[in-house]
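Where a number appears in this text, it was derived from the coordinates with a stated rule and is not lab data. The model shown is predicted, which means the values in this text are computed figures rather than measured ones. With ideal geometry, Cβ positions are generated from the backbone for all residues, glycine too; neighbour counts draw on all protein chains shown.
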Amino acid sequence: MVAEPLGTQGLEAPASATPISESDRPPAHAPFDDLASDWRLRHLLDVDTLSRDEILHILSTANAMAEVLDRPVARTPALRGVTIFNLFYEASTRTRSSFELAGKILGADVINVSGSGSSVEKGESLVETLNTLSAVGADAVVMRHPASGAPWLAARTIDGHIVNAGDGQHAHPTQALLDAYILLREFGDLGGRKVVIVGDILHSRVARSNIWSLTTLGAEVTVVAPRPLLPASMTASAAEKEHPLALPAVQVESDLDRAIAGADAVMALRIQNERLRGRLLPSTAEYARRYQLTAERVANAAPHAIVMHPGPMNEGVEIGVDVAHSPQCRIEAQVSAGLAVRMAVLFLLTRGGV
Ligand code: CP
């Protein structure tokens, strides 16, 4: 399977999406090897170079992996003999624990290395650390790093498969894939579905990766944020928007009430206090007044609308406490889906990726 060139995805009219539902699951104990036989991508660095077919193939594989999770003993030896390192230089609960569990369920050996407590604290460089992991037999490295682009450096440094578990403000591909999994399971097809992403778009790797994957799958994406929390390309002139590195076209709104009207899904993003440091967001209370997902605002979305959040949440800031715990909310389902999606990614890359 070959990725389409950058910039061509999401431009064609989408065919109907592969449904992701219980009834699509393979029979219990189905072998998975066929799922990897056509897979050729060595790394998962972002979703921006994935074609629609590649995204749907990962999500169909995740659906097969969900069958394993339903077994009385959720284990399969599909990755027996594979060694995976979780290399995390930044805090994480969901991504790190689900990658660890995903590898273990598939029978891989999984070793966790974090910035604190490792030789990184003694000044070891990223390249030296990667070479060390390679020397002890890493088949794959799942890495989270505060520097945008670090996984690309890793992919050039060692022979193993690299999975980007979040790099700086740049990309979070498995979060975008699990969000697409939830949306496809809900709606069957994202063609023409209206998805609103509200919050700190500027610093959000989740927003960037979701914009790529959702537009590739045919969704109409609207981003909502105060102007200082939007990337320059979204407030730029038309000519600048055609820059090859610009994000795909999305609607940009400053008024959440207007954006949310009739939406099929609304995704709130965390206010990242560690990145804002009071510079771009002088008042959290004022932000909450204008941009918080409240029950009143969500009531103006489509009747079937769902609410999403990648977590961790600041309840009472970007999302109301009642909304975060409402029946429309899919936050726990997102976390659960992350396990099956990460199993699929590890399986496809290590069993199929060249
Ligand atoms: N959504 C997400 O990446 O959460 P963690 O930082 O807990 O992994």
| field | Alpha-carbon radius of gyration plus Dmax, which is the widest Cα pair, for region 173-331 in Å | value | 14.6, 43
| request: Work out the length of the dipole vector of region 173-331 about its Cα centre, built from +1 on the beta-carbon of each Lys and Arg and -1 on the beta-carbon of each Asp and Glu, and round it to the nearest 20 debye. | output: 320 debye
| query | If you rank Ser98, Ser233 by fewest surrounding Cβ atoms within 10 Å, what's the result? | reply | Ser233, Ser98
| field | Kirkwood estimate for the chain, i.e. one over the average of 1/r between Cα atoms, Å | value | 20.7 Å
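Would you order Asp200, Asp264 from fewest to most other beta-carbon atoms within 10 Å of each residue's own beta-carbon? Numbers along the way, then the final one.
Working: Asp200 26, Asp264 20.
Going from least to most buried by this count: Asp264, Asp200.
With a 10 Å Cβ neighbour count serving as the proxy for reagent exposure, in which order, fewest first, do Leu346, Leu35 appear?
On the way: Leu346 29, Leu35 22.
So the ranking, lowest neighbour count to highest, is Leu35, Leu346.
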| task | Run the quick spin-label model on Ala261 and Ala74: label points 7 Å from Cα toward the beta carbon, then report their separation in nm to one decimal. | result | 4.2 nm
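Tell me which DSSP H helices of the chain clear both cut-offs, 24 Å or more of axial length from alpha-carbon atoms and a mean Kyte-Doolittle hydropathy of at least 1.0.
Numbers: long enough: 52-69 (26 Å, 0.48); 331-351 (30 Å, 1.25).
Long hydrophobic helices here: 331-351.
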| remark: In a Gaussian network model of the chain with springs linking alpha carbons closer than 10 Å, the residue among Ala340, Ala138, Ala288 that fluctuates most is Ala288
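Ala299 to Lys104: extension gain in nm, 0.36 nm per residue of separation minus the Cα-Cα distance? Don't skip to the end; give the middle numbers.
Values: separation 195, 0.36 × 195 = 70.20 nm, distance 4.12 nm.
Net length gain for the segment: 66.1 nm.
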